[in-house]
Structures are given as structure tokens and as C-alpha cells.
Amino acid sequence: MFSFLQKKTALTSIFPSDFVDIHSHFLPNIDDGSKSLDESVALLRRMQGYGIKHIICTPHVMESVWENSSETIQQKLDVLNTHLKSINFTAISISAAAEYMLDANFDRLLKTEKLRPLKDNYILVELSFLNAPVNLYETLFNMQIAGYKPVLAHPERYSYYHNNFSDYKKLKDAGCLFQLNLLSLTNYYGPEVAIAAQELLKRGLIDFAGTDTHKHHHLDFLEKGIDKKVLKLIEPVLKANAFFGK
């Protein structure tokens, strides 16, 4: 009997060998990600199973919530890497940047601190899910004047842009690169986000991708099959992530 159902494939089965996950929360006890070294190791073993060899941890930096600094992030990175070495887990290279919320504190950090980049001068930033900051374009401009390249985390998740895609183009024209969450393609955040993610991919607006893994439940969703048409859209983006490993 002929089946009209297309076979689906999991995102976790198509990572290129040089893929770098540039958005993750594996550092223990620093934000809303991993809560222990044991949990970090268990998550990393699953990532190893997907063939991923390089991960950039990006703990949140957010005023009055997660007031992390370059020093606190480095301390947690050192603790994790020391532990991984002690258990002879060397399959994945772990480094750390940060995911900066564009709030009043970020404007201060930009003037007074050296930010933690994904690579070179590429800085991962995020916006509030309620509304964009009123000074967003001024902040993006100031970042670039300071020598940084803004990489906007999960643009597909900002619902206030869904009804006006010209805002996405405006952000790109302002020098903002886009990092899509792979979970968005699995319906993890709901159908509206999945539709926005696919539309951004179709329009060629996405530059990079990340898993944004915080917990095992996220990886459970990544392992679910998705439509092959969507996989075709994301494949060149996954390949572009190799840039951060060079």
C-alpha cells in the first residue's frame, strides 16, 4: 500500500563533522542551564553521540537575574574542563562566551568591560521576549563602533517581529547577524515560532545556528524527526557554523 507519509529525519543525525554549537548552557550552576557537573557530563555525552566535537557555552548575562562576569564564566569553564579531564572525557572541546541581554547593564558593560566573544569580535546578544529595547539600534551601532559584531540569538522567538518581517531586514541592515535555535524547527516553542524560523531560512536571513540546550528535554526534542524540506533549508546554515572552529 502506498504511503503518503514522508519519512522524517532528526536534526541530530545531520550535523556536519566540523559543526560548532555556538549557543548552549552546559556550564554548571551559573544560569538556568545545567545544575551540576554530573548533568553537564550527561548532556555532553549525548552531544558527543551526535558527532559534535566543539561547543561554545554561552551563559546568560542579565541584570538582576544572572549578573555573570567574564571572571565568573571563566571560573565555571575551568571547573568543567578540569572535571572532564579527570574523567578522561576529551571527545568535545569546550570553550565559553556569553549570551548578553541587551539591557541597561549591557550598555554599561560595553563601555567598561571587555566582552566574551564567540570568536574574535562576534558577540551573542538577546532581546526581551516582551518587547525590543527602545534604544536597540543605538546599542547595535555602539557595539560596532566598539569593534564588535552583534549576533542576535533566536530572532524567530521574538513574536513582536512576526507580523512585520521588514523589521528583521532592518536589523540585518543595521549589521546584526542572526543565530537560529534548532529547537525552533521542532515546534518546541510552538507553531508560530516554527513558521517564523522557516520563513527566515527561506529568505536567507539566518547566518548561524545553535542548539540553545539547557536540559535533557531539549535534546529529546532535537532527536525527533522533522520534515526533509526543513532539513534542506537548515543544512547550509549548519555548515556555516564551522567558521567558529577555525
Which loop-located chymotrypsin sites (Phe, Trp or Tyr not before Pro) does the range 150-194 contain, where loop means any DSSP state but H, G, I, E or B and the Cβ has at most 15 other Cβ atoms within 10 Å?
-> F165
Ranked C176, C57, criterion: other C-beta atoms within 10 Å, fewest first = C176, C57
Where Lys and Arg each count +1 and Asp and Glu each count -1, what net charge lies around P191 among other residues with Cβ under 15 Å from its Cβ?
-> -2
If the chain between I87 and K8 were fully extended at 0.36 nm per residue, the gain over the current Cα-Cα distance would be 24.8 nm
Would you mind classifying the chain by shape? Square roots of the alpha carbon gyration tensor eigenvalues, ordered a ≥ b ≥ c; an a/c under 1.5 is rounded, otherwise it is prolate if a/b is larger than b/c and oblate if not.
-> oblate
Relative to the Cα centre, what is the charge dipole magnitude of the range 143-237, using +1 at the beta carbon of each Lys and Arg, -1 at the beta carbon of each Asp and Glu, and rounding to the nearest 20 debye?
-> 200
N187 versus S69: modelled label distance in nm, points set 7 Å from Cα along the beta carbon direction | 4.6
Honestly the range 100-246 on the Cα gyration tensor test (a ≥ b ≥ c root eigenvalues; a/c under 1.5 rounded, otherwise a/b vs b/c for prolate or oblate) is just prolate
Can you list the chymotrypsin sites (Phe, Trp or Tyr not before Pro) in the range 4-85 that are in a DSSP coil and have 11 or fewer other beta carbons within 10 angstrom?
-> F4
Partner lysines whose C-alpha sits under 24 Å from that of K85, ignoring same-chain residues fewer than 8 away, are K35, K53, K76, K119, K215, K246
Scoring only Lys, Arg, Asp and Glu (+1, +1, -1, -1) among other residues with Cβ under 13 Å from the Cβ of D212 yields -4
Given the chain, what percent of its DSSP beta bridges are antiparallel, to the nearest 5?
-> 15
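Coordinate-derived values only; no laboratory data. Since the structure is predicted, the reported quantities are computational estimates derived from the model, not experimental observations. FYI the Cβ positions are ideal-geometry reconstructions off the backbone, even for glycines, and counts take in every protein chain you see.
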